[in-house]
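Accompanying notes for the structure given below.
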Amino acid sequence: MELIDILTPDRCFCKIQGVSKKRVLKTLSTTLGKSFRNLDETQVFDSVMAREQLGSTGIGNGIAIPHCRVPNCNEIIGSLITLEGFVDYDSVDGKPVDLIFVLIVPEEKKEDHIRTLSVIAERFNNVNFCDTLRRAQNSLELYKNAIAF
């Protein structure tokens, strides 16, 4: 699995305003709900927040990978965000976040969820990859940097 398999240019957002973790995830849930007719934005938001209740998906070094399985989702969906500033995310290292990759997976695809999440986490463990994403000046450049690495 490669990022190009789950990420599209219209799901990459560069240097957006981030007031709080909750607001960033709400905005993204709304965007995904509007992009995919089969997804209910409230259900996406509730699923992402329920996962956050289990433990923060802030993995450290300014990175978060919120993820969940959602009913009526027909495909694995990725969305990549860089924030203009940092938001508190209750990350494992206590540092705020400015780089977020959201993963939405069909409810019945538990193994695909784990496998895809592992690939994404490994990619974001690469400092050069993260630095390249943070240097992107617009959403298209962010997308191209993400799939080229």
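Below are the figures for this structure:
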{"quantity": "Matching residues, segment 55-79, being out of contact with any Phe, Trp or Tyr (no Cβ under 8 Å at 6 or more places or on another chain) and assigned to a strand (DSSP E or B)", "calculated": "GLY60, HIS67, CYS68, ARG69, VAL70"}
{"quantity": "Those residues of segment 80-126 which are in contact (Cβ under 8 Å) with a residue 40 or more places away in the chain and part of a helix (DSSP H, G or I), in sequence order", "calculated": "LYS110, HIS113, ARG115, THR116, LEU117, VAL119, ILE120, ALA121, ARG123, PHE124"}
{"quantity": "Residue match in segment 85-92 (condition: at pLDDT 95 or above, over 13 Å from the mean Cα position of the chain (by Cα) and of a type in the set (S, T, N, Q))", "calculated": "yes"}
{"quantity": "Matching option when the condition is closer than 24 Å to ASP131 by Cα and in contact with a His (Cβ under 8 Å, 6 or more places away or on another chain), among VAL102, VAL92", "calculated": "VAL102"}
{"quantity": "The one condition in (1) in a strand (DSSP E or B); (2) within 22 Å of GLU141 (Cβ to Cβ) that ASP10 fails to fulfil", "calculated": "(1)"}
{"quantity": "Positions within segment 127-148 being in a loop (DSSP other than H, G, I, E, B) and either within 14 Å of the chain's Cα centre (by Cα) or surrounded by 14 or more Cβ atoms within 10 Å (Cβ to Cβ) (or both), in sequence order", "calculated": "ALA136"}
{"quantity": "Only listed residue being surrounded by fewer than 16 Cβ atoms within 10 Å (Cβ to Cβ) and at pLDDT 95 or above, chosen from LYS109, LYS95", "calculated": "LYS95"}
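The values are calculated or read from the model by the stated rules, or taken from the named source; none is laboratory data. Everything quoted here is computed from the prediction, not taken from an experiment. FYI the Cβ positions are ideal-geometry reconstructions off the backbone, even for glycines, and counts take in every protein chain you see.
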